[in-house]
Amino acid sequence: MLGLKLPTDPRWVHIVEMNVEEILTDHAYCEQKAASTAISLIVSFPEYTELVQEMVALVKEEISHFKMVHDKILERGWVMGRDRKDDYVLQIVKFFPKGGSRTTQLVHRLLYAALIEARSCERFRLLSEALEDKELADFYRKLMVSEANHYTMFLGFARKYGERAEVDKKWNDLLVFEAQVMKDLGTKETIHG
């Protein structure tokens, strides 16, 4: 369903299990960044009314997810650590050339967002199925559904605002590129790395 060309190595879950505090901190920042992305789309493309309406709802949802993750950190007696760079996102957002029409820029940003949500969904599924910590596995199962909805929403908007055949080609090309990026990742206790 997600279209990802390279699945995460299942051994990544063992890295997470040894570093739960780190993965929760990274996850909390991912939720903040997702909310920021939605706000940025509102600011950059206010004339797309339907998109703006959905992004307002998404900001609320992502901030509520941040709170849920932050609460998990606090419940375990930890304090949220500092943010760190996301090597995955930094590499992914270099795929499309800068510039182009506003519509092209919007489509590219929507495709990036769809891909990030798709990979998060795939990672959350792995965590929900393989974590020995059943409470945390259930937590990730619930969030996995949201990520899948976000992925389909962003991809749907890209297809709505761009020419379908061109958007689908760009999406496939981005998926192929992402698989190359993923070959060098999966060794850290981060949601994407």
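Values in this text are rule-based calculations from the coordinates and carry no lab data. Keep in mind that what you see is a predicted model, and the values were worked out from it rather than measured. FYI the Cβ positions are ideal-geometry reconstructions off the backbone, even for glycines, and counts take in every protein chain you see.
Observations
- Tensor-based shape of the stretch 90-182 (alpha-carbon gyration tensor, a/c under 1.5 rounded, otherwise prolate or oblate): prolate
- Debye, to nearest 20: dipole size of the stretch 1-113, +1 on Lys, Arg Cβ, -1 on Asp, Glu Cβ: 420 debye
- Between Glu166 and Leu90, the simple label model (points 7 Å from Cα in the Cβ direction) yields a spacing of 3.2 nm.
- One Cα centroid belongs to the stretch 176-193, the other to the stretch 1-32; the line between them spans 10 Å.
- Prolate/oblate/rounded call for the stretch 1-103, Cα gyration tensor, a/c under 1.5 rounded: oblate
- One decimal place: the segment Lys60-Asp138 gains 25.9 nm when fully extended, by the rule 0.36 nm per residue minus the C-alpha distance.
- Extended-chain gain in nm, criterion 0.36 nm per residue less alpha-carbon gap, Gln53 and Ser101: 15.0 nm
- Sparse packing (at most 12 other Cβ atoms within 10 Å of the Cβ) combined with a DSSP loop state is found for the following GluC sites (Glu not before Pro) in the stretch 95-138: Glu132.
- Burial ordering of Thr49, Thr152, fewest other beta-carbon atoms within 10 Å first: Thr49, Thr152
- Calculated from backbone phi, Karplus (6.51, -1.76, 1.60) coupling profile of the stretch 136-151 in Hz, x at Gly/Pro: 5, 4, 5, 4, 6, 4, 5, 5, 4, 5, 4, 4, 4, 5, 5, 4
- Loop-located trypsin sites (Lys or Arg not before Pro) in the stretch 37-83 whose Cβ has at most 14 other Cβ within 10 Å (DSSP): Arg76, Arg82
- Note on the stretch 12-182: dipole from Cβ charges, positive end direction compared against Tyr29, Ser64, Tyr48; the farthest Cα belongs to Tyr48.
- Environment charge of Ala34, counting only residues whose C-beta is closer than 10 Å and scoring Lys/Arg +1, Asp/Glu -1: -4
- Each of Phe124, Gln105, Trp78 was scored by the projection of its Cα onto the charge dipole of the stretch 27-137, and the greatest displacement toward the positive side belongs to Gln105; charges sit on the C-beta of Lys, Arg, Asp and Glu.
- Shape of the stretch 12-182, Cα gyration tensor, a/c cut at 1.5: prolate
- Backbone phi angles across the stretch 15-27, fed through the Karplus curve with coefficients 6.51, -1.76 and 1.60 (θ = phi - 60°), yield HN-Hα couplings of 4, 4, 4, 7, 9, 4, 4, 5, 5, 5, 5, 4, 4 Hz in residue order; Gly and Pro are listed as x.
- The stretch 82-101 residues near the modelled Asp184 label - backbone nitrogen below 20 Å, point 7 Å along Cα→Cβ: 84-98
- Cβ-Cβ FRET estimate between Val79 and Met18, R0 fixed at 25 Å, reported to 0.05: 0.85
- About its Cα centre, the chain has a charge dipole of approximately 580 debye under the convention of +1 per Lys or Arg Cβ and -1 per Asp or Glu Cβ, with nothing else charged.
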